[in-house]
Structure formats: structure tokens, C-alpha cells
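Comments concern the structure below.
The values are calculated or read from the model by the stated rules, or taken from the named source; none is laboratory data. Computed from a predicted structure; not experimentally measured. Virtual Cβ from ideal backbone geometry, glycine too; neighbours counted across all protein chains shown. We work out accessible area using only protein heavy atoms, side chains counted, and drop any ligands, DNA or RNA first. Shrake-Rupley method; radii C 1.70, N 1.55, O 1.52, S 1.80 Å.
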Amino acid sequence: LFVCIREPNELEKVRKRLGAMCVLVRRDNAEDALASNHADEEVFDFAYDYIIDNNGDLAQLKESAELLIEELERVDE
């Protein structure tokens, strides 16, 4: 289950309450958008468990997510 949460304090609540791993999906051309949205001001002020670069389309993002899930499943074995 992937949930979109950007505020560090909310991320930490989900991590603690659900035992969730936190993944940052980063995009090279998103820096300007981050500066204009108050919800994104502190998005980089958090210790994420994983970082995914998403510089392609939704198909590439899906592939990256599937690879991360496969990696996590291998670690659990």
C-alpha cells in the first residue's frame, strides 16, 4: 500500500503507528513546484527508508515501485 504523505510529522506518525517504511519519490524538475506549495516545504527534512527517482512516466514509476517491493520481499525471506 502506497500512501501519499508529505509532512514529516505525519510521516513519523504513520511510521510509528503502522510500522510503515517511508519512501521519497523524487523528480528532478519538481524543485520549483515544491517551493510554491506549503505542504511540500519540509519534504526533504525527513529520514526516508528508500528514495525512488521518478524522471519518467507512470509506467516507469510503477516499475520502480514493483522493484522496491521485490527487494523488500527478498529481505524478508
(request) Only residues that are part of a helix (DSSP H, G or I), modelled with pLDDT of 85 or more and open to solvent by 80 Å² or more (accessible area, probe 1.4 Å): list them for region 27-62, please. (result) L58, Q60, K62
(request) Please go through region 6-26 and pick out each residue that is closer than 23 Å to D76 by Cα, open to solvent by 50 Å² or more (accessible area, probe 1.4 Å) and not in a loop (DSSP other than H, G, I, E, B). (result) E12, R15, K16, R17, L18, V25
(message) Given the criteria in a helix (DSSP H, G or I) and surrounded by 12 or more Cβ atoms within 10 Å (Cβ to Cβ), does E73 qualify?
(response) no
